[in-house]
Amino acid sequence: MAKTSMNLEENVASALCYLGLIITGIIFYIIETENKTVRFHAMQSILVSVGIIIVTVFANILIWFVPFVWFLYWLVNLLVFILWLVLMIKAFQGEKFKLPVVGDIAEKQVK
């Protein structure tokens with residue numbers, strides 16, 4: 001495995017990008033200056049986090065107006081949790097798991 005400028009293994013740093021969602025994504029994007037794989041995962045983490053925030057806010061607003069759809073809120077949270085786990089596991093395994101749209105944007109920002 002390749003090392004990063006932070007002296008971490010590439011797969012560990014990539015997985016850590018997702019750990020704290022937008023916060024760790026920003027930290028790793030700023031600090032990691034050399035490793036493009038880690039920078040990709042950091043940017044993808046940032047973009048996914050923004051999407052999660054938007055979806056969560058929308059779901060919260062929807063619950064206020066349509067209370068009987070509270071199960072959608074829990075479903076959204078479950079799906080977000082599963083996505084978070086998949087991204088962390090794939091990154092730790094050394095796989096460059098690129099999400100549709102968000103992954104393309106992240107890839108362009110790293111080049």
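Only the coordinates and a few stated rules stand behind these numbers; no lab work does. Since we're looking at a predicted model, the values are computed, not measured. Here the Cβ is made from the backbone with ideal geometry for all residues, glycine too, and neighbour counts use every protein chain on show.
Values computed for the structure shown
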| read-out | value |
| --- | --- |
| Mean residue ellipticity (222 nm) of the chain, computed from DSSP H runs ≥ 4 via -39,500 (n - 2.57), nearest 500 | -24500 deg cm²/dmol |
| Crossing angle, helix 22-31 versus the chain [Cα axis fit, 0-90 degrees, rounded to tens] | 20 |
| Under 19 Å, Cα to Cα: Lys pairs in the chain, sequence gap 8 or more or different chains | 14 |
| Order by protection proxy (mean Cβ within 10 Å, highest first), peptides 68-81, 23-36, 91-104, 41-54 | 41-54, 23-36, 91-104, 68-81 |
| Stretchable slack from residue 104 to residue 34, in nm (0.36 nm times residue separation minus alpha-carbon distance) | 23.2 nm |
| Dimensionless Rg over Rh [the range 10-106; C-alpha; Kirkwood] | 1.06 |
| Paramagnetic reach from residue 3 (point 7 Å along Cα→Cβ, amide N under 11 Å) across the range 88-111 | none |
| Residue-span extension gain [residue 23 to residue 96] - 0.36 nm each, minus C-alpha spacing | 24.3 nm |
| Folded to 0 to 90 degrees: helix 10-19 orientation relative to the chain principal axis, Cα | 20 |
